[in-house]
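The values are calculated or read from the model by the stated rules, or taken from the named source; none is laboratory data. The shown structure was predicted, so the numbers you read here are calculated from the model rather than taken from an experiment. Virtual Cβ from ideal backbone geometry, glycine too; neighbours counted across all protein chains shown.
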Amino acid sequence: MGPKLLKKGEKFPLDENCHHYTKLGEVPWDIQKYWHQRFSIFEFYAYDIHLTDSAWFGVTPEPVATRIARDLSTHPIADGKRVLIDLFGGAGGNVIAFALSSGRWDRIIAIEKDRSTLACAQHNAEVYDVLDKITWVHGDCFEVMKRFWKTKGTKGRGREGGEVATGQEQEDDNEELDGLLAGLKLEECLVFASPPWGGVSYRDQEVFDLSKMEPYNLEQLYKACTMPEEEKEEHPSTQKQKHILPQALFLPRQSDLNQIAALVPEGAPKIDVIQYCQKGASKALVAYLPGNIDADKEEKKQYEENRGQKKRKQDDEQEQTIPELLPEAPKEALEAHDAYDTSYAQDIEIDTSKADNAEKRKRKRRRRSSHNN
Ligand code: MGP
């Protein structure tokens with residue numbers, strides 16, 4: 001069976017793999033460390049947040065997810081983008097934060113392969129009041145992207161604009177998903193991916209080799225976001241551009257930046273790499289990869305100008321919110337390289353604006369009253 005688009009209101013039930021641990025004694029030993037941090041992973045953990053045991057290792061802590069959602073919404077790679085596709089929805093850590101950045105996205109699509117993990121994500125999204133703001137897809141994200149590109153190609157199959165699949169594909173029970181994908185405008189889509197890193201042993205490497213990341217390496221991820229050769233033929237809009245979706249990739253903090261830089265050709269718009277820190281230590285980095293790698297001179301100039309302006313604005317904001325002493329960046333994150341810019345030093349925990357706090361308090365009150373009922 002192929003990937004499946006869940007109908008509006010359709011929710012997978014929590015099952016025996018979904019847990020809400022309340023006592024240390026119940027928690028498997030290898031996730032006890034994460035359980036101790038549960039309230040910094042999900043601020044509303046106590047309101048019945050559920051996770052599968054394997055989701056604990058990879059879930060993005062809420063303050064980090066919130067900051068990424070904010071950065072992504074204003075990053076130049078997201079200019080003109082209205083649809084966010086989260087390739088590895090997991091237990092909802094990132095996708096909930098995206099859904100909370102209200103109004104920024106017309107559609108947020110979360111894809112998750114594991115049924116129990118998806119059930120947790122939906123349940124958690126409900127806790128955060130954003131269940132209906134997310135379009136849920138159960139299935140393999142590579143399969144979904146393959147279908148996405150099919151709806152964008154020509155060769156008799158191009159269905160961009162809403163036409164649904166016919167013939168063979170209908171037999172896969174995928175026509176609703178194909179209909180959704182066909183209706184997405186290529187130039188409005190942006191991808192976020194927080195893939196598995198192959199377990200906690202990633203920490204043992206001084207520089208993380210992204211070509212060996214398991215089960216999917218960097219190249220496979222990038223390729224999934226690139227229009228396949230066979231779909232390109234005669235496509236009028238691919239004559240100028242290569243059609244690569246802009247991507248924000250959540251990767252180990254010590255990832256080999258040269259491998260990331262090598263994804264875009266020389267002279268293409270720059271990649272931004274931001275290290276996201278908590279309590280002075282980086283948790284992970286996000287590489288913001290532009291989709292317009294074939295941009296002409298004028299477009300590139302415009303992109304760089306936007307980038308410069310947004311970066312200055314962000315730096316100004318950070319000056320007011322970050323602590324006086326910034327932690328030292330990892331050496332490899334500071335090495336000069338022409339193809340990327342690194343930003344560092346976001347001590348996310350103290351970065352809350354008054355508006356955010358007011359919104360949080362409101363949500364907390366709502367949650368408390370619904371929990372008590
Ligand atoms: P961590 O492994 O807990 O390292 O992951 P850390 O911070 O050195 O542990 P500590 O001993 O200092 O507390 C840090 C962060 O990386 C986690 O909070 C997750 O957000 C993220 N992370 C870890 N893993 C193993 C994965 C993964 O496989 N995939 C993704 N997407 N994120 C991960």
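Give me the residue from the stretch 252-292 that is of a type in the set (D, E, K, R) and closer than 21 Å to Q302 by Cα and, out of that set, nearest to the ligand (Cβ to nearest atom). Filtering first and then ranking leaves D272.
A single member of G280, G291 is modelled with pLDDT of 75 or more and touching a helix residue (DSSP H, G or I) at 6+ places or on another chain (Cβ under 9 Å), and it is G291. Report yes if some residue within the stretch 123-141 is modelled with pLDDT of 95 or more and either closer than 13 Å to F192 by Cα or within 13 Å of the ligand (Cβ to nearest atom) (or both); otherwise report no. Within the stretch 123-141, one or more residues are modelled with pLDDT of 95 or more and either closer than 13 Å to F192 by Cα or within 13 Å of the ligand (Cβ to nearest atom) (or both). For the stretch 61-91, the tally of residues that are within 18 Å of W136 (Cβ to Cβ) and within 13 Å of the ligand (Cβ to nearest atom) stands at 7. Are any of the residues in the stretch 45-52 surrounded by fewer than 23 Cβ atoms within 10 Å (Cβ to Cβ) and within 30 Å of E305 (Cβ to Cβ)? No - not one qualifying residue is present in the stretch 45-52. Before we move on, is G308 surrounded by fewer than 15 Cβ atoms within 10 Å (Cβ to Cβ), more than 16 Å from the ligand (Cβ to nearest atom) and assigned to a helix (DSSP H, G or I)? Judged against the criteria, G308 is a match. Consider W29 carefully, then state whether it is farther than 30 Å from T226 by Cβ, within 12 Å of the ligand (Cβ to nearest atom) and out of contact with any strand residue (DSSP E or B) (no Cβ under 9 Å at 6 or more places or on another chain). Spelling it out, it is not the case that W29 is farther than 30 Å from T226 by Cβ, within 12 Å of the ligand (Cβ to nearest atom) and out of contact with any strand residue (DSSP E or B) (no Cβ under 9 Å at 6 or more places or on another chain). Exactly one residue out of M227, M213 is at pLDDT 85 or above and touching a His at 6+ places or on another chain (Cβ under 7 Å), and it is M227.
The set of residues in the stretch 78-89 that are crowded, with 24+ Cβ neighbours inside 10 Å and not in a loop (DSSP other than H, G, I, E, B) comprises L84, I85, D86. Can you name every residue in the stretch 46-60 that is farther than 15 Å from P28 by Cβ, more than 10 Å from the ligand (Cβ to nearest atom) and not in a loop (DSSP other than H, G, I, E, B)? Of everything in the stretch 46-60, those that are farther than 15 Å from P28 by Cβ, more than 10 Å from the ligand (Cβ to nearest atom) and not in a loop (DSSP other than H, G, I, E, B) turn out to be A46, Y47. Looking only at residues of the stretch 35-45 that are more than 13 Å from the ligand (Cβ to nearest atom) and part of a helix (DSSP H, G or I), we find that the one that is farthest from A182 (Cα to Cα) is F39. Surrounded by 21 or more Cβ atoms within 10 Å (Cβ to Cβ), among the charged types (D, E, K, R) and either touching a helix residue (DSSP H, G or I) at 6+ places or on another chain (Cβ under 7 Å) or modelled with pLDDT under 95 (or both): is that true of D178 in this structure? Taking the combined requirement at face value, the residue satisfies it. Considering the stretch 183-214, the residues that are more than 7 Å from the ligand (Cβ to nearest atom), assigned to a helix (DSSP H, G or I) and not polar (S, T, N, Q) include one that is nearest to the chain's Cα centre (by Cα), namely E188.
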